[in-house]
Structure formats: C-alpha cells, structure tokens
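The values are calculated or read from the model by the stated rules, or taken from the named source; none is laboratory data. Just so it is clear, the structure is predicted and the values come from calculations on it, not from any experiment. Quick reminder, even Gly has a Cβ in these numbers, built from the backbone with ideal geometry, and neighbours come from all protein chains shown. Ligands, DNA and RNA are stripped out before the accessible areas are found, and what is left, the full protein with its side chains, is counted by its heavy atoms. Shrake-Rupley method; radii C 1.70, N 1.55, O 1.52, S 1.80 Å.
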Amino acid sequence: MSDWFCCFDAAAVHVSVVNEFPEDLYQAMREFISSHPNRDQYRLLQAALAGFLFQRDPPCLSR
C-alpha cells in the first residue's frame with residue numbers, strides 16, 4: 001500500500017470525488033441522513049473513510 005496520503009496536510013487539501021454506489025447503499029445513506037438532520041453526505045462519507053483508514057492502520061496514523 002502506498003503512503004502517499006501521509007505526505008500532505010489534510011486540513012489544507014480538499015479533493016472532489018465522484019463515485020457510483022449500489023442502489024441499496026445509496027438508499028441506506030439517504031435514510032440515515034434524513035433521520036439524522038445534524039449529518040450530511042459529506043460528514044457521513046468523511047466518517048466512513050476515516051473509519052476505513054484507521055482499520056487499515058497506516059503507519060503515518062499510528063505515530
């Protein structure tokens with residue numbers, strides 16, 4: 001696995017991502033967001049991605 005994501009300041013970098021989701025995942029996301037008004041699609045995906053990265057335990061996150 002590449003360590004490229006460890007090399008830059010996450011607060012200074014913003015990236016737009018376009019992705020296609022399976023219909024059932026999309027519906028689950030819509031239902032979650034509609035039942036949690038303090039959340040939006042960006043916070044949901046940010047939390048999911050952060051959880052994924054912490055599960056993989058990249059070396060730069062375990063300093």
* For labels at H14 and Q41 in the simple 7 Å Cα→Cβ model, what's the distance in nm? -> 1.6 nm
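Rank these by accessible area, largest first, 1.4 Å probe: H36, H14. Write down the numbers at each step before the final one.
Working: H36 70, H14 160 Å².
Largest to smallest exposure gives the sequence H14, H36.
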